[in-house]
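*Asks:* The structure that follows is given in the form of structure tokens.
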Amino acid sequence: MPVRRFIGLIAVIGSLALAAPAGHSQSSSPAQSASIPQAGSQAGNAAAPAPAFEVAAIHQNVTDQSGRSHIISSPFDGHFRAINVSLSALVRWAFEMPETRILGGPGWINSTKFDIQAEAGGSVDAEMHGLSSDAGRLMKERMLQALLVDRFKLATHPESRELPIYALVVSKGGAKFGAIQSNGTTINSGRGHIEVQGSNSVALLAEELAKVVGRVVVDKTGIDGRYDLILKWTPDDVAAPGSNGTEGSSSGPSIFTAIQEQLGLKLESQKGPVQVLVIDHIEMPSAN
């Protein structure tokens, strides 16, 4: 099912898709993150207290079978809303962490969906009105981390692990895309296609590719900036058998070929240190 998200005033996440960081101007690859915040840890508790939501209603969603999930959040106020969202997706949003780098936790963190309506007090709301988009998003992430610790008893710790990765690099002929001047961040991904646009477009592409190829994808292109990147390929299982029972041919390129032909980039298999977030403990939410 295609997934479309608009990050900024409204962030929409569908079918367990990863929420893309909003408003980032500095490119950072998944395997090169300097540090990961810890939830429910001694280190996290020793840090300066973060603003918190004053009230939060959390309910399990058992009626919406569409598979569509939404996170609605502005970096300029103290309100947060999630509709039919898995706990795994909430953790990814709160820590700006791709799905491939969050480890541990029971199976229900992906299968059970929740609705959340949270609001901060007036002083926090007023403070956020004066923040930049980046600062407001970071504050909202810390507030959601605190909510997950309080209501879901979330405890995590970061680790660096040596894992197989793909390095996203520029191919011999050079990159095949030009800069654009529009605002906001858009990620539209689905079966056989990815389109990303944002201030860190190539880094966003690497995160989306990771969900397709099953490994962390590290952006080693050295390309910063805002681009509209469109990638289309034929999934491996699309090829149908021929009429005589022999294997049929696919109608388009593989994802590895498409990256080179359409974007002038390529994926190289490597092994390297990857910063991951390990879920040590988590529970069903406490009562409202």
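*Asks:* Can you list which of the trypsin sites (Lys or Arg not before Pro) found in the stretch 138-232 are DSSP loop residues with at most 15 other C-beta atoms within 10 Å?
*Replies:* Here the trypsin sites (Lys or Arg not before Pro) that fit, given the DSSP loop and packing criteria, are Lys153, Lys172, Lys176, Arg191.
*Asks:* Next up: Work from the charge dipole of the stretch 72-208 (Cβ charges, +1 for Lys and Arg, -1 for Asp and Glu, about the Cα centre) and give the residue of Ile180, Gly130, Ala94 farthest towards its positive end.
*Replies:* Toward the positive end, the furthest listed residue is Ile180.
*Asks:* Once the other residues with Cβ under 10 Å from the Cβ of Asp125 are scored (Lys, Arg +1; Asp, Glu -1), what is the net sum?
*Replies:* Summing Lys/Arg as +1 and Asp/Glu as -1 gives -4.
*Asks:* Still on this structure, please answer the following. What does the net charge come to around Val276 if you take all other residues with beta carbon closer than 13 Å to its beta carbon, with K and R at +1 and D and E at -1?
*Replies:* Here the count lands on 0.
*Asks:* Checking the a/c ratio against 1.5 first, then a/b against b/c, what shape does the Cα gyration tensor give for the stretch 76-219?
*Replies:* Cα axes put the stretch 76-219 in the oblate bin.
*Asks:* Would you tally the net charge around Leu265, using a Cβ to Cβ cut-off of less than 12 Å, leaving Leu265 out, and scoring K and R as +1, D and E as -1?
*Replies:* With Lys, Arg at +1 and Asp, Glu at -1, the net is +1.
*Asks:* Rounded, prolate or oblate: pick one for the stretch 175-222, where a ≥ b ≥ c are the square roots of the eigenvalues of its C-alpha gyration tensor, a/c under 1.5 means rounded, and failing that, prolate if a/b is larger than b/c, else oblate.
*Replies:* Since a/c reaches 1.5 but b/c is at least a/b, the shape of the stretch 175-222 is classed as oblate.
*Asks:* Carbon and sulfur together cover what percent of the accessible area of the stretch 138-246 at a 1.4 Å probe radius?
*Replies:* 49 percent
*Asks:* Which value, in Å², gives the accessible area per residue of the stretch 120-159 when a 1.4 Å probe is used on the protein heavy atoms?
*Replies:* 40 Å²
*Asks:* Please give the charge dipole size of the stretch 141-185, origin at the Cα centre, charges +1 on K and R Cβ atoms and -1 on D and E Cβ atoms. Round to the nearest 20 debye.
*Replies:* In debye, rounded to 20, the stretch 141-185 gives about 160.
*Asks:* Using θ = phi - 60° and the Karplus relation 6.51 cos²θ - 1.76 cosθ + 1.60, list the HN-Hα couplings for the stretch 148-160 in order, rounded to whole Hz, with x at every Gly or Pro.
*Replies:* After applying 6.51 cos²θ - 1.76 cosθ + 1.60, I find 5, 5, 5, 9, 9, 6, 5, 10, 9, 8, x, 9, 10 Hz.
The values are calculated or read from the model by the stated rules, or taken from the named source; none is laboratory data. Predicted model only: the values in this text are computed from it and were never measured. We place every Cβ from the backbone using ideal geometry, glycine too, and count neighbours over all the protein chains shown. Please note that ligands, DNA and RNA were not included when accessible areas were found on the heavy atoms of the full protein model with its side chains. Shrake-Rupley method; radii C 1.70, N 1.55, O 1.52, S 1.80 Å.
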